[in-house]
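Trainee: The following block contains the structure, expressed as structure tokens.
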Amino acid sequence: MDQESERKLRELRLNLAEICLEGRVERIGQLCRSPAGDAIMTMINSGVRHLAMTKGDQAVAERCHRILSVEHDVARKVSAYLALSLFTPPQSIERAFDIVDVPTPLLCTVVKVLLAVPMFFTREGARRRALAHVEATVAEIHKAVTVIDEFEFRREVLSGFMDGYAISSIYGEDVPLRTLAQKRGDLIRRYLEIHNLAHDITPPPHPGNQTTVRVGVLCPGTISEVAAMRGHLVGLDRSLFQVTAYVPDEAATSVSAGFEDVADDFVALPVSDITACAQVLAQEELDVLIAGANITNTCKFPWTLLMAQRLARLQVAMHCSSLTTGLASVDLFINGELNEPDDAEEDYTEELALVPGSSNHYIFASKAQIAPEELTRERIGVPDAALLLATGANYFKIGPELLTTWARILEAVPNAHLVMYPFNPNWTTHYPYKDGFLRFVQERFAERGVGVERLHVLESQPSRAPLLGVLKLADLYLDSFPYSGAVSLLDPLSVGCPPVVREGHTARCRQSAALLREIGLDVLVTRSMEDYVTVVKRLLTDHSLRREMADAVRDATRSAHLGSRGIGAAVGDVLLAGLRKKLKAEA
């Protein structure tokens, strides 16, 4: 963002804050319901809160705090809260009012603002506090719509929740999220019901002479999700399972291309019309419906809205979903034994079914192997004599604790450089306030005496080829934690670059460890931050050990047929067992 753009953004923020501080509910409500979009949320989503506050900003923020602390009129408090939210994230504000007391014209926006936690965090422990805030807020929202039996109140609160809930930046914390997911699931269901979008079916009696299992897959669209779903379906007994791939009508051709060899039929769903989609699925009389994409992050994703209804006898979530769905209509969650801790069942609202090994099997749709782009260290600005670390940890996974760990490593090894490529288009096509994020990264390393010349950040790439080229030059790959890598780990492994990972407790924090353990590379799995640092430093300073690890990676990936072996046979066994259990319960 250039200086002129920043100046204009600050000016617009101050103007909007002043309008809020006037306390005229109807005028604020009009700004929130403008045909051009919610003015307050547009300003928050611009990344303006990451700008350092000027004296003028601080003066406005102090006025807001004063109103919140001494004002008795709830409408004035709410207006001041909305003004303050333009400067401060919700987990840092004591709002001094309850959702049930918010004026109706502002309800939807207040709920969205309450859920609008930052996309990245700059202080130790801030992400955990933001997660705790969202958990408490969702609990309050859930209680409010349960207790207050007023249609307009429920409609506004649920609309705000459905639009505002997004936890990409916070669900990487290594803590159970079952309660949060369960309340989210119930709120999604209430939203469907209040808008007459819930169209559950009663599965017809199962014919005793049926010899095939009708499986429907709500197909993903991102490259990594397609690879994961294919990894779960390749090897499925096609004489027993009849697979129909459901693809969004707006991208039917491109999505279908990823499933041509694993599906028997394709059906395009009109994703802009959830009722029509549900009717199509209901008419199919499916035995099994599988969500092939992440349905746990936001709420209005079409596949989430469909899986929140009963549209098949057995409904299943898999590895693509980062945590339990919390949806009462999802019966089964399939994961790998190595991906889960011993007490894993406590983290799920679904029945947890485990296949042998890990669930980290990815098969890319393209048959052609991607060759690494031929790069040189000079081209990416790294001296030939330097030790090169690389990481594809995503923007949303990178917090201050992780950056401090990496900075400690570079501080201890002065000739080491780090290449980062955090803007993976599989997560999102828009990374908010990228400039602020990059400044924060540089500042965190500077605190450890690591100069900016030793950091190299790549923009989003058109294909994996340039990334493979970088990894071919790299000495080690640094995985993220607590939220670990998954499909991103395939790239360093494929070119013989040893990855160092840290194993956590919950499934999303054990993915990379599960993958390495399955192919016999346990030695690269660490259990604590200190062990992670120690292993990386040792490998960087011991050339022969590093070469030995690179050879071990090549041998392991070759013998494991990484990227070509699916787990469909094991998944099929789990689906059959789940379906039999359902049929027995119906009998």
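Trainee: Collect the residues in region 466-505 that are crowded, with 23+ Cβ neighbours inside 10 Å and among the hydroxyl-bearing types (Ser, Thr, Tyr), keeping them in residue-number order.
Mentor: Passing the criteria: TYR477, SER480, TYR483, SER484, SER488.
Trainee: Can you tell me which residue in region 360-395 is surrounded by the most Cβ atoms within 10 Å (Cβ to Cβ), limited to those that are under 28 Å from THR541 (Cβ atoms) and among the small types (Gly, Ala, Ser)?
Mentor: GLY392
Trainee: Which numbered condition trips up LEU418, out of (1) more than 22 Å from ASN297 (Cα to Cα); (2) among the hydrophobic types (A, V, I, L, M, F, W, C); (3) without any contact (Cβ under 8 Å) to a residue 60 or more places away in the chain?
Mentor: Unmet for LEU418, out of (1) more than 22 Å from ASN297 (Cα to Cα); (2) among the hydrophobic types (A, V, I, L, M, F, W, C); (3) without any contact (Cβ under 8 Å) to a residue 60 or more places away in the chain: (3).
Trainee: Would you confirm whether or not region 69-77 contains a residue that is buried (at least 20 other Cβ atoms within 10 Å of the Cβ) and either more than 13 Å from ARG13 (Cβ to Cβ) or over 25 Å from the mean Cα position of the chain (by Cα) (or both)?
Mentor: yes
Trainee: For ALA59, which of the numbered conditions (1) part of a helix (DSSP H, G or I); (2) touching a helix residue (DSSP H, G or I) at 6+ places or on another chain (Cβ under 8 Å) fails to hold?
Mentor: Only one criterion in (1) part of a helix (DSSP H, G or I); (2) touching a helix residue (DSSP H, G or I) at 6+ places or on another chain (Cβ under 8 Å) is unmet by ALA59, namely (2).
Trainee: Could you list all residues from region 127-169 that are of a type in the set (Asp, Glu) and either surrounded by 21 or more Cβ atoms within 10 Å (Cβ to Cβ) or at pLDDT 95 or above (or both)?
Mentor: Scanning region 127-169 gives GLU135, GLU140, GLU150, GLU152, GLU156, ASP163.
Trainee: Looking at region 88-117, which of its residues are surrounded by fewer than 21 Cβ atoms within 10 Å (Cβ to Cβ), farther than 18 Å from ARG184 by Cβ and not polar (S, T, N, Q)?
Mentor: Hits for region 88-117 are PRO89, ILE93, GLU94, ARG95, ALA96, PHE97, ASP98, VAL100, ASP101, PRO103, PRO105.
Trainee: Same structure again: For region 323-359, how many residues meet the condition of being surrounded by fewer than 22 Cβ atoms within 10 Å (Cβ to Cβ) and of a type in the set (Ser, Thr, Tyr)?
Mentor: 2
Trainee: Next question, about the same structure. Out of curiosity, is ARG66 surrounded by 11 or more Cβ atoms within 10 Å (Cβ to Cβ) and over 29 Å from the mean Cα position of the chain (by Cα)?
Mentor: yes
Trainee: Could you tell me whether any residue of region 245-266 is of a type in the set (Ser, Thr, Tyr) and either crowded, with 18+ Cβ neighbours inside 10 Å or on the phi > 0 side of the Ramachandran plot (or both)?
Mentor: yes
Trainee: Just to be sure I understand the filter: pairs with C-beta atoms under 6 Å, separated by 6 or more residues or on different chains, first member in region 389-401 and in contact (Cβ under 8 Å) with a residue 40 or more places away in the chain, second member among the charged types (D, E, K, R) and buried (at least 23 other Cβ atoms within 10 Å of the Cβ). Which pairs pass?
Mentor: Qualifying pairs under 6 Å: GLY399/ARG127.
Trainee: Any idea how many residues of region 392-415 are within 21 Å of LEU493 (Cβ to Cβ) and over 18 Å from the mean Cα position of the chain (by Cα)?
Mentor: So the answer is 2.
Trainee: Further, regarding this structure: Suppose we filter LEU31, LEU68, LEU16 for residues that are outside any loop (DSSP other than H, G, I, E, B), in the same structural domain as THR122 (by TED's automatic domain parsing), touching a Cys at 6+ places or on another chain (Cβ under 9 Å) and closer than 18 Å to LEU106 by Cβ; which single one remains?
Mentor: Among LEU31, LEU68, LEU16, only LEU31 is outside any loop (DSSP other than H, G, I, E, B), in the same structural domain as THR122 (by TED's automatic domain parsing), touching a Cys at 6+ places or on another chain (Cβ under 9 Å) and closer than 18 Å to LEU106 by Cβ.
Trainee: For region 12-28, give me each residue that is within 13 Å of LYS77 (Cα to Cα) and of a type in the set (D, E, K, R).
Mentor: GLU22, ARG24
Trainee: Something else now. How many of the residues in region 536-587 are under 30 Å from ALA312 (Cα atoms) and touching a helix residue (DSSP H, G or I) at 6+ places or on another chain (Cβ under 7 Å)?
Mentor: 4
Trainee: Further question on the same structure: Quick check on ALA328: is it without any contact (Cβ under 8 Å) to a residue 40 or more places away in the chain and either closer than 20 Å to ILE167 by Cβ or among the basic types (Lys, Arg) (or both)?
Mentor: When the stated conditions are applied, ALA328 does not pass them.
Trainee: If you go through region 326-377 one residue at a time, how many are closer than 30 Å to VAL419 by Cβ, of a type in the set (S, T, N, Q) and in a loop (DSSP other than H, G, I, E, B)?
Mentor: Within region 326-377, residues that are closer than 30 Å to VAL419 by Cβ, of a type in the set (S, T, N, Q) and in a loop (DSSP other than H, G, I, E, B) number 6.
Trainee: Now for a separate question. Does ASP174 satisfy the condition of being acidic (Asp, Glu), within 30 Å of PRO482 (Cα to Cα) and part of a helix (DSSP H, G or I)?
Mentor: It is false that ASP174 is acidic (Asp, Glu), within 30 Å of PRO482 (Cα to Cα) and part of a helix (DSSP H, G or I).
Trainee: Continuing with the same structure: Just the residues that are over 31 Å from the mean Cα position of the chain (by Cα) and not β-branched (Val, Ile, Thr), please, taken from region 377-391.
Mentor: ARG377, GLU378, ARG379, GLY381, PRO383, ASP384, ALA385, ALA386, LEU387
Trainee: Please identify the pairs in which a residue from region 521-546 that is modelled with pLDDT of 95 or more has its Cβ atom under 8 Å from the Cβ atom of a residue that is of a type in the set (Asp, Glu), counting only partners at least 6 apart or on another chain.
Mentor: As it stands, the answer is VAL525/GLU503; THR526/GLU503; ARG527/GLU503; MET529/GLU401; LEU539/ASP475; LEU540/ASP475; ARG546/ASP475, since those pairs meet every condition given.
The values are calculated or read from the model by the stated rules, or taken from the named source; none is laboratory data. Model, not experiment: these values are computed from the prediction. Heads up, the Cβs are rebuilt from the backbone with ideal geometry, glycines too, and the neighbour counts pull from every protein chain shown.
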